[in-house]
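Let me begin by presenting the structure, written as structure tokens, before commenting on it.
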Amino acid sequence: MNYLPHTDEERKFMMDFIGIQSEEELFSSIPENLKDFQMDLPRPLSEMELVAEMKRVAAKNRTVDDRACFLGAGAYRHFIPSALEAIIS
């Protein structure tokens with residue numbers, strides 16, 4: 001994914017359009033004590049750590065794969081050949 005930041009010219013155009021002189025004016029209505037609010041958060045996780053944690057949390061869920069399910073009137077859990085999508089499209 002490419003990140004293309006706004007140019008100085010684009011930022012000036014947007015500020016002129018909404019009638020402000022600086023980016024700080026956008027946040028002038030926020031009380032100062034809230035601007036520097038510090039949250040006590042745990043350390044960031046790597047992608048691998050996050051995936052492992054999400055799997056651990058998700059493992060607590062109960063699904064129709066490990067319980068009896070009577071929804072769908074039998075129109076579920078049936079094999080669909082992978083070629084079918086190409087054939088019907």
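Only the coordinates and a few stated rules stand behind these numbers; no lab work does. Quantities reported herein were computed from a predicted structural model and do not represent experimental measurements. So basically every Cβ, Gly included, is an ideal-geometry build from the backbone, and we count neighbours across all protein chains shown.
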Item to complete: Please identify every one of the chymotrypsin sites (Phe, Trp or Tyr not before Pro) in the chain that sits in a loop by DSSP and has no more than 16 other beta carbons within 10 Å of its own beta carbon.
Response: Y3, F37, F70, Y76, F79
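Taking trypsin sites (Lys or Arg not before Pro) as exposed when DSSP calls them loop (any state but H, G, I, E, B) and at most 15 other Cβ atoms lie within 10 Å, what is the longest stretch of the chain free of them, the sites themselves excluded? Mind showing how you got there, number by number?
Working: sites that count: K60, R62, R67, R77.
Longest run free of exposed loop sites: 1-59.
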Item to complete: Compute log10 of I(q)/I(0) for segment 48-89 with the Debye formula, placing one identical point scatterer on every Cα and leaving out solvent, at q = 0.16, 0.32 Å⁻¹, to two decimals.
Response: -0.74, -1.07
Worksheet item: If you take the charge dipole of the chain about its Cα centre, with +1 on Lys and Arg Cβ and -1 on Asp and Glu Cβ, which of H6, A73, L34 is farthest toward its positive end?
Response: A73
Worksheet item: Where does each of 19-26, 41-48 land if you order them by average Cβ count within 10 Å, highest first?
Response: 19-26, 41-48
Worksheet item: Could you state the number of Å between the C-alpha centres of segment 4-28 and segment 46-63?
Response: 41 Å
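Place a +1 charge on the Cβ of each Lys and Arg in the chain and a -1 charge on the Cβ of each Asp and Glu, then give the dipole magnitude about the Cα centre in debye, rounded to the nearest 20. Spell out each step's value before the answer.
On the way: 10 positive and 16 negative charges, 202 e Å.
With only Lys, Arg, Asp and Glu charged at Cβ, the dipole is about 980 debye.
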Worksheet entry | For I20, distant residues with modelled amide H under 5 Å away | none
Worksheet item: To the nearest 10 degrees, how steeply does helix 47-58 sit against the main Cα axis of the chain, on a 0 to 90 scale?
Response: 50 degrees
